[in-house]
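Encoded as structure tokens, the structure appears first; notes follow it.
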Amino acid sequence: MSVFTTLSLDEVRQWLAPFNVGELHTLRGIAAGITNTNYFVETSQSRFVLTVFEKNDFDELPYFVHLMTHLSRHDIPCPKPITDQNNIALHRIHGKPALMVSCLKGSDVSQPNVKQIEAVARTLARMHVAGLDFHEQSHNQRGQGWRVMTAQQVMPKLAPVQQHLLQEELEFQHGLDLSRLPHGVIHGDLFRDNVLFDGDVLGGFIDFYYACHDVLAYDVAIAANEWCVDATGNFVDDKLAAFMNAYQSERPFTVAEKTHWPALLRRAALRFWLSRLYDFYYPVTGELTHAKDPAHFERVLLNRKVLT
């Protein structure tokens, strides 16, 4: 959630005209994340988050609006899209798609405790269950095709040992058959900066713009690789156990999910190693930007390979 598109108070005031949200008071860019432009918008009525989509086409976005609306109705804590007087949520600003959502309470935590980790896991499982009767589907923007294309782009930048690791992992993932695993709505990016806490109370999940229809346990693997590791990329055993027990108290794994769990952890590590490599070697200039270290997920991937 960086700032690539700079907005002024007057521009946002004009953009807000069709909405019944009160008078604009303040506008502040959010310097976290790496894909879209985000601002805190405070009005006389409430506080919101305005997202300007830098990469998504307009026709891709109704899925995310409808998904967040669906999850909100099922008591999953997440941003609720704000509609204008004509019940329309998506608009344009600077020629780009834009959406305003409710601003949840809390802030992200850099060092989550076990109670917070359990809350994340339970809520993720509840989200997966609630998504089973959401009948719209969106493809995974970071799926097999993206992995191959991105690997081709970053491969020449890597040392030989990294090239070997990347090529070996691509071949391993390409050979997996996950068709029999439970599929449904996944968040796809449930990192610590996409979860808000007020103390130990979970305020909500944010940034659903990588959500899609995919393997549910893959979403669990993404989260476990983020919430249950130390600085070396190794799992912290008590945190991993707490996370998995809490998740499965709401949605138990199938036998097939348990069998494929080590491979899914590798796929999750590969996805974020690739995206961070790409952002490192091909950065996008913005007013406020936040890049993440690709070396961390290289270590995570190496550690997960040992488990297979």
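Looking across His296, His290, one residue alone is under 21 Å from Ala31 (Cα atoms), at pLDDT 95 or above and not polar (S, T, N, Q). It is His296.
Considering only residues in the range 232-265 that are in contact with a helix residue (DSSP H, G or I) (Cβ under 6 Å, 6 or more places away or on another chain) and among the charged types (D, E, K, R), the one that is nearest to Val114 (Cα to Cα) turns out to be Lys239.
Listed by first and then second residue, the pairs linking a residue in the range 239-261 that is part of a helix (DSSP H, G or I) to a residue that is surrounded by 17 or more Cβ atoms within 10 Å (Cβ to Cβ) and of a type in the set (Asp, Glu), with Cβ atoms under 6 Å apart and 6 or more places separating them unless they lie on different chains, are Ala242/Glu118; Ala246/Glu118.
Taken over the range 189-209, the residue count meeting the criterion of being buried (at least 21 other Cβ atoms within 10 Å of the Cβ), farther than 14 Å from Thr123 by Cα and either modelled with pLDDT of 95 or more or of a type outside the set (Asp, Glu) (or both) is 3.
Tell me, which residue of the range 49-93 that is outside any loop (DSSP other than H, G, I, E, B) and among the basic types (Lys, Arg) is least open to solvent (accessible area, probe 1.4 Å)?
The residue in question is Arg92.
Note on the range 146-156: residues that are more than 26 Å from the chain's Cα centre (by Cα) and closer than 15 Å to Glu298 by Cβ total 0. Candidates Glu118, Glu54: the one that is in contact with a helix residue (DSSP H, G or I) (Cβ under 6 Å, 6 or more places away or on another chain) and not hydroxyl-bearing (Ser, Thr, Tyr) is Glu118. Residue under question is Leu265, and the condition is that it be crowded, with 23+ Cβ neighbours inside 10 Å, touching a Lys or Arg at 6+ places or on another chain (Cβ under 6 Å) and not basic (Lys, Arg); does it hold? Yes.
Among the residues making up the range 237-260, a single one is more than 20 Å from the chain's Cα centre (by Cα), within 16 Å of Leu307 (Cα to Cα) and open to solvent by less than 40 Å² (accessible area, probe 1.4 Å): Glu257. Could you go through the range 13-29 and let me know if any residue there is of a type outside the set (D, E, K, R), within 29 Å of Phe272 (Cβ to Cβ) and open to solvent by 10 Å² or more (accessible area, probe 1.4 Å). Checking the range 13-29: at least one residue is of a type outside the set (D, E, K, R), within 29 Å of Phe272 (Cβ to Cβ) and open to solvent by 10 Å² or more (accessible area, probe 1.4 Å).
Could you list, in sequence order, the residues of the range 197-237 that are part of a helix (DSSP H, G or I) and of a type in the set (Val, Ile, Thr)? The answer is Val220, Ile222.
Checking each residue in the range 52-106 for being modelled with pLDDT under 95 and among the polar types (S, T, N, Q) picks out only Asn56.
The values are calculated or read from the model by the stated rules, or taken from the named source; none is laboratory data. Keep in mind it's a predicted model, so treat the numbers as computed, not measured. Virtual Cβ from ideal backbone geometry, glycine too; neighbours counted across all protein chains shown. The accessibility values were calculated without ligands, DNA or RNA, using every heavy atom of the protein model including side chains. Shrake-Rupley method; radii C 1.70, N 1.55, O 1.52, S 1.80 Å.
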